[in-house]
Amino acid sequence: MTSGQPGTGNARPTPAGAAGESQPATTAAAGTPTQPARTSDKAPAETTADQSPPVGGDTTAATPNGDAGADRATSGAASKDTARHGDKQGNAAKKDDAAKDSKPAKDSDPAKDSGTAKDAKADGADATDKADSEAKPVGPERWEAFASAPEPRPSIFTRAGREVGRFLIHEWTLAALGALALAVLMTWPTLRYPRYTLPQDYWDPSLQAWQMAWSGHILLAEPARLWQSNTFFPELWSFAFSDTLLGYAPAGMLGSGPEDAVLRYNIMFVLAHALATLGAYALARQLGAGRIGAAVAGVSYTYAPWLLAQAGHLHVLSNGGIPLALAMLARGHGWSLRHGYRPERRHDGWVYAGWLVAAWQLSLGFGIGLPFAYFLAGAVLVTAVLFFARRLRTGQAVPFGRRLFAADVLGGVLFAGVGLLMAFPFFKVTELHPYAERTIGDIGLFSPPASGFVTAPGESRIWGGLHEGARAALPWHPEMTLLPGFVLYALAAGGLFFSVWRLRHRLLLLAGVLLTMVFAMGTRFFDGTFTYVPLFEHLPGWSALRTPGRLMLWTTLLLGLLAAGAVTALTDRVRELTAQRIPSWPGPWLRMATLLPLLLVTVEGLNTTPHPVVPTQPAAMRSAEGPMLVLPSSQSLDQHVMLWSTSGFPDVVNGGSGFTPRQLDDVRRVSQSFPDQTSVEYLRTLGVRSVVLLRGQVAGTPWEITIDAPVESLGISRQEVGDAVVYRL
């Protein structure tokens with residue numbers, strides 16, 4: 001038997017009992033440099049019998065032709081006794097069928113083996129010292145040239161760039177940028193000539209542009225005079241004659257003059273649309289909707305066709321704080337419509353943020369802020385009742401936490417405080433002008449019929465022309481065309497049967513839709529006896545809301561949530577189908593099909609809103625001394641005068657709002673004969689120092705004849721300034 005010849009196919013591994021121990025000693029005795037052993041990919045190297053590590057880094061590989069491998073590892077001839085001893089050990093290993101065992105053979109002498117091992121270790125140490133000086137060290141470092149270079153530590157600029165990149169691709173960054181881009185496109189051409197045009201018309205937008213300018217100016221100059229504005233001179237609390245948009249005061253601190261006021265209004269007009277989209281998107285996402293479903297909710301809430309008729313009412317369009325505050329409060333309390341209450345997700349920081357946003361929304365005006373305040377109060381009451389009812393029923397305390405409770409208390413106090421501070425001037429106005437209070441008859445004039453829910457305003461690009469006949473049948477169509485969108489109706493109806501929301505939640509959303517529709521009808525639903533009238537008579541401040549149709553805002557939001565549930569269920573189902581298909585070639589097309597509801601909702605919100613050019617400020621307004629009266633004076637013309645007064649904010653008798661003070665009525669009546677002795681004396685009694693008569697507006701008025709009459713006998717002076725005549729009293 002030849003077990004050590006190279007090239008034999010039936011060679012067996014050489015046992016590590018004797019031959020493995022003798023090889024290092026033999027190599028050292030031969031005095032030849034140690035050569036690195038070649039190892040096999042298929043079998044690991046065997047260790048010596050006493051489990052001592054290889055000496056000098058040399059290892060004998062246990063390959064199928066083991067003796068040949070031993071011969072290659074050994075330089076110099078081995079003695080006959082050593083070879084014979086190796087053959088005996090090889091035969092013993094064959095009989096024992098334990099070639100992989102490293103145990104010593106039975107007939108080996110332990111004492112001899114021990115001595116041999118010691119000699120081998122000593123000789124191996126000498127060999128190592130010699131090899132270190134003659135050959136390259138054998139070890140892991142031999143492969144370092146083939147290892148990948150260590151990744152360099154990124155610089156501070158690289159790390160900052162990565163953080164910026166992660167921020168830019170974050171969901172909420174993309175949602176905010178998408179909402180802003182969509183707002184610019186859907187409101188175009190608002191930003192085409194933002195210093196010279198206004199959306200819808202130039203009456204109410206002029207008033208609201210003045211409101212923002214006044215609040216920003218006076219808070220910087222004389223905050224105590226906030227509610228005593230420069231218009232309606234010499235009336236008190238005149239800033240509270242209509243909704244104030246006080247929350248936009250920081251924007252009003254930038255710029256001055258009419259052109260800057262118009263620019264500011266147009267920018268806030270676009271940003272209001274973007275915030276509404278983002279707020280409704282955030283609410284739907286927090287409640288459990290997917291991204292596309294939440295986008296449908298956001299777009300349908302902001303660009304519902306009925307809101308196109310409100311393009312001239314920025315205080316109505318500035319509604320994004322409502323869904324955004326609700327989303328933050330729900331997130332802070334760890335609650336969602338899809339997953340219920342999850343105490344581990346509570347975070348008091350979001351609760352504080354939610355109450356702050358809610359207070360800011362209330363500061364924009366009570367027209368839509370007051371229903372929001374009552375909704376929050378009702379939600380807090382219902383939540384408290386359910387909380388304690390569950391505790392009594394189960395006998396277990398539901399986790400809530402002191403920090404969350406403190407956040408709700410402090411946030412609620414802040415919200416209530418802002419509401420009271422805002423309400424106080426309005427109560428003063430009601431006290432000074434009791435005739436300004438609404439009656440149930442006034443509410444009836446603006447209450448829409450049921451047909452209004454399927455009628456679009458004329459500004460709707462899709463339905464405006466088709467619904468012209470239906471609008472003609474409405475008494476006051478700007479406030480009675482309340483179509484939220486036929487696509488939204490269809491998606492919400494589908495959401496009743498196919499949705500990610502639970503059945504009871506779908507039914508609650510449906511009940512909310514029907515209830516808000518009934519209240520939006522005002523006195524048209526059984527004369528409002530059981531719906532709107534009790535609110536009008538018993539809820540503080542509700543009597544000031546003369547347009548019930550604006551409650552359609554809540555209907556639109558609830559319909560959007562129903563639609564979001566349906567679209568989310570659709571996208572989830574498409575994702576499951578594409579994951580199961582092999583190959584999944586229809587996958588991209590199916591995913592693109594899920595964008596169809598979003599596309600349809602967006603298209604239905606397209607508009608044809610006009611953007612008229614704002615009348616230019618007369619040069620006389622910049623030189624006349626206040627307090628002044630600008631003639632002619634009327635509700636619509638005075639709103640222009642308010643905008644023009646943003647150059648220095650002189651006191652002006654003119655003003656336009658939701659009601660007309662009796663004193664202003666008297667001024668308009670007496671000044672019809674100006675300039676004459678009676679009107680001059682009356683205006684002097686009020687403290688008026690200048691009267692500006694606009695030549696371009698006198699056609700068909702009494703001033704068309706008297707504008708060039710001499711005034712020396714009246715004790716006043718007259719001066720031509722541009723296209724106006726300035727009288728100094």
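The set of residues from segment 348-390 being in contact with a Leu (Cβ under 8 Å, 6 or more places away or on another chain) and under 17 Å from G401 (Cβ atoms) comprises D348, W350, V351, Y352, G354, W355. Only residues that are within 25 Å of A282 (Cβ to Cβ), open to solvent by less than 40 Å² (accessible area, probe 1.4 Å) and of a type in the set (V, I, T) were counted across segment 176-199, and they come to 2.
Residues of segment 437-476 that are under 34 Å from the mean Cα position of the chain (by Cα) and open to solvent by 80 Å² or more (accessible area, probe 1.4 Å): R461 alone.
Of the numbered criteria (1) modelled with pLDDT of 95 or more; (2) of a type outside the set (A, V, I, L, M); (3) touching a strand residue (DSSP E or B) at 6+ places or on another chain (Cβ under 8 Å), the one R695 fails is (1).
Among the conditions (1) in contact with a helix residue (DSSP H, G or I) (Cβ under 7 Å, 6 or more places away or on another chain); (2) part of a helix (DSSP H, G or I); (3) over 16 Å from A282 (Cα atoms), the only one that G312 does not satisfy is (2). Residue count for segment 339-358 under the criterion of being in contact with a helix residue (DSSP H, G or I) (Cβ under 9 Å, 6 or more places away or on another chain), surrounded by 15 or more Cβ atoms within 10 Å (Cβ to Cβ) and not basic (K, R): the result is 11. Within segment 540-595, the set of residues being open to solvent by 20 Å² or more (accessible area, probe 1.4 Å), of a type in the set (F, W, Y) and at pLDDT 85 or above comprises W554 only. Considering segment 298-328, and only residues there that are under 25 Å from S206 (Cβ atoms) and polar (S, T, N, Q), the residue that is surrounded by the fewest Cβ atoms within 10 Å (Cβ to Cβ) turns out to be Q310. Do we find that V398 is on the phi < 0 side of the Ramachandran plot and assigned to a helix (DSSP H, G or I) in this structure? No: the conditions fail for V398. Does segment 196-208 contain at least one residue that is among the hydrophobic types (A, V, I, L, M, F, W, C), closer than 24 Å to G320 by Cβ, touching a Pro at 6+ places or on another chain (Cβ under 9 Å) and outside any helix (DSSP H, G or I)? Yes.
Note on segment 228-243: among residues that are open to solvent by less than 10 Å² (accessible area, probe 1.4 Å) and in contact with a Leu (Cβ under 8 Å, 6 or more places away or on another chain), the one that is nearest to M621 (Cα to Cα) is F232. Pairing each residue of segment 241-263 that is more than 30 Å from P434 (Cβ to Cβ) with any residue that is among the β-branched types (V, I, T), provided the two are 6+ apart or on different chains, yields C-beta distances under 6 Å for G257/T646; P258/T646; A261/T646; V262/V614. In segment 205-232, the residues that are on the phi > 0 side of the Ramachandran plot reach residues that are assigned to a helix (DSSP H, G or I) with C-beta atoms within less than 6 angstrom, at least six apart or across chains, in these pairs: F232/S238. For segment 359-369, residues that are modelled with pLDDT of 95 or more and open to solvent by 20 Å² or more (accessible area, probe 1.4 Å) total 1. Provide a single number: the residues in segment 338-352 that are part of a helix (DSSP H, G or I) and either out of contact with any Gly (no Cβ under 9 Å at 6 or more places or on another chain) or within 17 Å of L287 (Cβ to Cβ) (or both). Matching residues across segment 338-352 total 3.
Taking the listed residues V574, V614, the one that is closer than 30 Å to L686 by Cβ, under 35 Å from the mean Cα position of the chain (by Cα) and touching a residue at least 12 places away in the same chain (Cβ under 8 Å) is V614, with no other qualifying. Taking the criterion of being in contact (Cβ under 8 Å) with a residue 60 or more places away in the chain and touching a Phe, Trp or Tyr at 6+ places or on another chain (Cβ under 9 Å), the residues of segment 376-411 that qualify are A407, G411. Here are some residues: R689, R668, R684. Which one is of a type in the set (K, R) and loosely packed, with under 14 Cβ neighbours inside 10 Å? On inspection, the qualifying residue turns out to be R684. Listed conditions (1) aromatic (F, W, Y); (2) at pLDDT below 95; (3) on the phi > 0 side of the Ramachandran plot are all met by F241, apart from (3). Checking the structure you have, find out if any residue of segment 306-323 is within 19 Å of L643 (Cα to Cα) and either without any contact (Cβ under 8 Å) to a residue 40 or more places away in the chain or among the aliphatic types (A, V, I, L, M) (or both). Yes - at least one qualifying residue is present in segment 306-323.
Taking the criterion of being surrounded by 17 or more Cβ atoms within 10 Å (Cβ to Cβ) and either among the β-branched types (V, I, T) or part of a loop (DSSP other than H, G, I, E, B) (or both), the residues of segment 477-499 that qualify are M480, T481, L482, L483, P484, G485, V487, S499.
Scanning segment 610-635 for residues that are more than 17 Å from V262 (Cβ to Cβ), of a type outside the set (A, V, I, L, M, F, W, C) and assigned to a loop (DSSP other than H, G, I, E, B) yields E625, G626, P627, P632, S633, S634.
Within segment 684-729, the only residue that satisfies the criterion of being of a type in the set (D, E, K, R), in a loop (DSSP other than H, G, I, E, B) and within 19 Å of Q617 (Cα to Cα) is D723. Does T531 count as of a type outside the set (A, V, I, L, M, F, W, C), without any contact (Cβ under 8 Å) to a residue 24 or more places away in the chain and closer than 24 Å to V316 by Cβ? Answer is yes for this residue.
Among the residues of segment 500-531, those that are open to solvent by less than 60 Å² (accessible area, probe 1.4 Å) and β-branched (V, I, T) comprise V500, V513, T516, V518, T523, T531.
For segment 384-436, the set of residues classified as under 17 Å from R346 (Cα atoms), within 26 Å of the chain's Cα centre (by Cα) and exposed (fewer than 14 other Cβ atoms within 10 Å of the Cβ) consists of R403, F405, A406, V409, listed by residue number.
Out of all the residues in segment 636-656, is one or more surrounded by fewer than 17 Cβ atoms within 10 Å (Cβ to Cβ), outside any loop (DSSP other than H, G, I, E, B) and not β-branched (V, I, T)? Yes; the residues of segment 636-656 include at least one that is surrounded by fewer than 17 Cβ atoms within 10 Å (Cβ to Cβ), outside any loop (DSSP other than H, G, I, E, B) and not β-branched (V, I, T). On the basis of being in contact (Cβ under 8 Å) with a residue 12 or more places away in the chain, of a type in the set (A, V, I, L, M) and not in a helix (DSSP H, G or I), does I443 make the cut? No, not satisfied. So is F167 open to solvent by 30 Å² or more (accessible area, probe 1.4 Å), of a type in the set (F, W, Y) and free of Cβ contacts under 8 Å to residues at least 24 places away in the same chain or not? Criteria met by F167.
The values are calculated or read from the model by the stated rules, or taken from the named source; none is laboratory data. What you are looking at is a predicted structure, and each value in this text was computed from that prediction instead of being measured. We place every Cβ from the backbone using ideal geometry, glycine too, and count neighbours over all the protein chains shown. What goes into the accessible areas is simple: the full protein's heavy atoms, side chains included, and nothing from ligands, DNA or RNA. Shrake-Rupley method; radii C 1.70, N 1.55, O 1.52, S 1.80 Å.
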